[in-house]
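The values are calculated or read from the model by the stated rules, or taken from the named source; none is laboratory data. Predicted model, so just to flag it, every value in this text is computed and none were measured. Ideal geometry is used to build each Cβ from the backbone, glycine not excepted, and the neighbour counts take in all protein chains shown.
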Amino acid sequence: MIPSAAGTATLDRTLAALADPTRRGVIDLLRKRPLRAGELAAAFDMTPPAMSRHLRVLRQSGLVDEDTQEHDARVRVYRLRPEPLARLRAWLDRVEAHWSDQLMAFKGHAEGPRKGKPR
């Protein structure tokens, strides 16, 4: 099955966003609970503008959502979105299945009967 151009672009954005260790760390923190941008910046000992750049990449890739608080519109809370990670997992499962099939075929070939050679 060949993925669509849109599916490939989405996967590319997800992988590009996850290529940075800080962004992977943000994903790990958001797995536990939604956090404010300031909490994320503090967790990485990073300035708010630097964290904002990482969060922008994560938002654009669809990995996180941003919510504003009713009582203070300046406070932004970030939460993980499961859909991009589910698409990444599905792609990884297909890659793994391919290699599992290849290894099983090689095993069958290697362990198969040998013509004309005693065991």
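Results, tabulated for the structure shown:
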| item | result |
| --- | --- |
| Residue list for the stretch 52-65, filter: assigned to a helix (DSSP H, G or I) and in contact (Cβ under 8 Å) with a residue 24 or more places away in the chain | HIS54, LEU55, VAL57, LEU58, GLN60 |
| Options ASP45, ASP28, ASP93, ASP101; residue that is modelled with pLDDT under 90 and either among the charged types (D, E, K, R) or outside any helix (DSSP H, G or I) (or both) | ASP101 |
| Pairs where the first residue, in the stretch 33-47, is closer than 23 Å to PRO82 by Cα and the second is at pLDDT 95 or above and among the basic types (Lys, Arg), C-beta under 7 Å, 6+ apart | PRO34/ARG79 |
| Tally, over the stretch 9-61, of residues that are surrounded by fewer than 12 Cβ atoms within 10 Å (Cβ to Cβ), more than 20 Å from ARG74 (Cβ to Cβ) and over 13 Å from the mean Cα position of the chain (by Cα) | 4 |
| Any pair with Cβ under 8 angstrom, 6 or more apart, that starts in the stretch 1-15 at a residue that is closer than 18 Å to ARG81 by Cα and among the aliphatic types (A, V, I, L, M) and ends at one that is surrounded by 12 or more Cβ atoms within 10 Å (Cβ to Cβ) and modelled with pLDDT of 60 or more | LEU11/ARG87; LEU11/LEU88; LEU11/TRP91; LEU15/LEU88 |
